[in-house]
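Novice: Supplied in structure tokens, the structure appears directly below.
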Amino acid sequence: MKKVVVAIDGSETSRAVVDYALYYANREIDVKIVFFHVIEPYKSLWRSVAMKPYEDLMAAVEVSFKRFVEEEMDKIPVDREKMSLVTRLGVPYVEIVRFAEEEEADIIMIGHRSTFTGMERFLVGSVAAKVVAHAPCSVFVHRPRPDKAVVAPIPADF
């Protein structure tokens, strides 16, 4: 069975990656697709301290991303038994690579959505570039077409 890890962040680019993964699942006979989202602790720490513990935050984010994936599944008929969703807390590229290793994934699918310019991109780098550099398997990187606007990820305000 082929195992595919699909890294998602709620952006329009990751929506396109979800669509591609669903078409891929329909083409392949024996495939397991795992949609994978990482919550960055430093971006959500204030929420957990001020409002609710991380467990509640993780559960709420998982529900939100499940809805995100199911919206795409409603458009593209697919065997839902082949699909699952995992949410983790950590540094996105580290967790994506670690999860792919744990799952012995055959491929990682990820979107390329750069909001950085010039020096920022040089200093910070992109999650997709870091995943490609460290992945234990092949990586499919989806680049949005220039004529399509990229929308910011869905907020995780719960």
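The values are calculated or read from the model by the stated rules, or taken from the named source; none is laboratory data. Every value quoted in this text rests on a predicted model; they were computed, and no experiment measured them. Using ideal geometry, Cβ is built from the backbone for each residue, glycine included, and neighbour counts are taken over all protein chains shown.
Novice: Mind checking whether some residue in region 112-124 is closer than 15 Å to T13 by Cβ, at pLDDT 75 or above and part of a helix (DSSP H, G or I)?
Specialist: Within region 112-124, none of the residues are closer than 15 Å to T13 by Cβ, at pLDDT 75 or above and part of a helix (DSSP H, G or I).
Novice: Given the condition modelled with pLDDT of 90 or more and either closer than 26 Å to K130 by Cα or in a loop (DSSP other than H, G, I, E, B) (or both), answer yes or no: does some residue in region 37-49 qualify?
Specialist: Yes, region 37-49 contains a residue that is modelled with pLDDT of 90 or more and either closer than 26 Å to K130 by Cα or in a loop (DSSP other than H, G, I, E, B) (or both).
Novice: Is there a residue being exposed (fewer than 12 other Cβ atoms within 10 Å of the Cβ) and modelled with pLDDT of 90 or more anywhere in region 91-106?
Specialist: Yes, because at least one residue in region 91-106 is exposed (fewer than 12 other Cβ atoms within 10 Å of the Cβ) and modelled with pLDDT of 90 or more.
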